[in-house]
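Here is the structure we will look at.
The values are calculated or read from the model by the stated rules, or taken from the named source; none is laboratory data. Small disclaimer: the values here were computed from a predicted structure and weren't measured. Positions of Cβ are backbone-derived with ideal geometry, glycine not excepted, and every protein chain shown enters the neighbour counts. Accessible surface is based on the protein model in full, side chains and every heavy atom, while ligands, DNA and RNA are left aside. Shrake-Rupley method; radii C 1.70, N 1.55, O 1.52, S 1.80 Å.
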Amino acid sequence: QVQLVESGGGVVQTGDSLRLSCAVSGRTFSVDVVGWVRQAPGKEREVVAVISWKPANTYSADSVKGRFTISRDNAKNTVYLQMNSLKPEDTAVYYCAAGRPRTNVRNSYEYDYWGQGTQVTVSS
């Protein structure tokens, strides 16, 4: 099993920045990637950023490219999502997810482990 614990959500204003953290523990060798997936009310889940353990390849969705950056600290087994220039449409519950996607890292259903989620609210 892999445990994921998110932190760092909150309420911010348009244009502000926020950093989310995901502490990864357990059988981390059983996953290849860790990603951030968000879900807004009434919308489907969206994989916004992904990072692989080795090497540190990354993926960012077009909707956040240039504003969000995913990174990791191997010593702390923690993955971060730095979110800059936040917009109201970024409002969602953000989940940390991990797994071994076989088809495409953009498919949220291919992730095996999930955190409890952290709310990010961007006010206009």
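Within the stretch 62-85, the set of residues being within 26 Å of Ser30 (Cβ to Cβ), surrounded by 17 or more Cβ atoms within 10 Å (Cβ to Cβ) and aliphatic (A, V, I, L, M) comprises Ile70, Val79, Leu81. Within the stretch 75-89, residues that are part of a helix (DSSP H, G or I) have Cβ atoms under 9 Å from residues that are open to solvent by 60 Å² or more (accessible area, probe 1.4 Å) and at pLDDT 95 or above in these pairs: Pro88/Thr14, counting only partners at least 6 apart in sequence or on another chain.
Tell me, yes or no, whether the stretch 51-61 has at least one residue that is over 11 Å from the mean Cα position of the chain (by Cα), assigned to a loop (DSSP other than H, G, I, E, B), modelled with pLDDT of 95 or more and not hydrophobic (A, V, I, L, M, F, W, C). Taking every residue of the stretch 51-61 in turn, none turns out to be over 11 Å from the mean Cα position of the chain (by Cα), assigned to a loop (DSSP other than H, G, I, E, B), modelled with pLDDT of 95 or more and not hydrophobic (A, V, I, L, M, F, W, C). Of all the numbered requirements in (1) farther than 19 Å from Val122 by Cα; (2) open to solvent by 50 Å² or more (accessible area, probe 1.4 Å), Val24 misses one, and that requirement is (2).
Total residues in the stretch 92-110 satisfying the condition of being more than 12 Å from the chain's Cα centre (by Cα) and aromatic (Phe, Trp, Tyr): the figure is 1.
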